[in-house]
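Encoded as structure tokens, the structure appears first; notes follow it.
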Amino acid sequence: GFAYAEGTRALLRPGPANELIDAALELINANDTAVRMSAAAVLYNVCMELPKLESLEMVQIASGIAHQLEKEEDKDTGFRLLLALGKLVYCNTAATQLMHGLDPLKKLKLAPPSEGDNRQKVAQEIASMMAEIR
């Protein structure tokens, strides 16, 4: 999660949280890999801090991540997006149902797990969680 609890509470209040999520979802489509990676890290941190409640924000993030995963070529950015998606699937039935419809994992073209690239493992864990939640 974020480094400071006070900052986290300030960022995740309804107004700033929506702006932060909107900005991060826009930036995960940037041409610059570093910008996409940073946006993915922000989304992951937001997902870690959002309560385990059904929320529109979680569904919005899940949808944005699903669309970006299909085209993300950078393994570190893809890994962060998968971690965020895993948190959403674990915590949010609506996000899970959305993922069943979009099925972004089926569209992923991942190599087998290798040193420094654990995207396949995370994708398999997400698929397992989704199979349990139908």
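Per-atom-type breakdown for the chain gives carbon and sulfur 53% of the accessible area (1.4 Å probe, protein chains only). Placing +1 on each Lys and Arg Cβ and -1 on each Asp and Glu Cβ, with no other charges, gives the chain a dipole about its Cα centre of roughly 320 debye. Protection proxy ranking, highest mean first, for peptides 119-127, 73-81: 73-81, 119-127, where packing is the per-residue count of other beta-carbon atoms within 10 Å, averaged.
Note down the relative contact order for the chain as a percent, whole number, built from C-alpha pairs under 8 angstrom at least six residues apart. Value for the chain: 22 percent. Lysine pair count for the chain with Cα-Cα distance under 25 Å and sequence separation of 8 or more or different chains is 19. Rolling a 1.4 Å probe over the protein heavy atoms gives the chain an accessible area of 56 Å² per residue. When the Cα positions of Ala10, Val42, Leu20 are compared along the charge dipole of segment 1-109, Val42 comes out farthest toward the positive end, with charges on each C-beta of Lys, Arg, Asp and Glu. Computed across segment 1-133, the Kirkwood radius stands at 14.8 Å (inverse of mean 1/r, all Cα pairs). Relative protection proxy for 82-94, 17-29, from highest mean packing down: 82-94, 17-29 (other beta-carbon atoms within 10 angstrom).
The values are calculated or read from the model by the stated rules, or taken from the named source; none is laboratory data. These numbers come from a predicted model, not from an experiment. FYI the Cβ positions are ideal-geometry reconstructions off the backbone, even for glycines, and counts take in every protein chain you see. Accessible surface areas use protein heavy atoms only, side chains included; no ligands, DNA or RNA. Shrake-Rupley method; radii C 1.70, N 1.55, O 1.52, S 1.80 Å.
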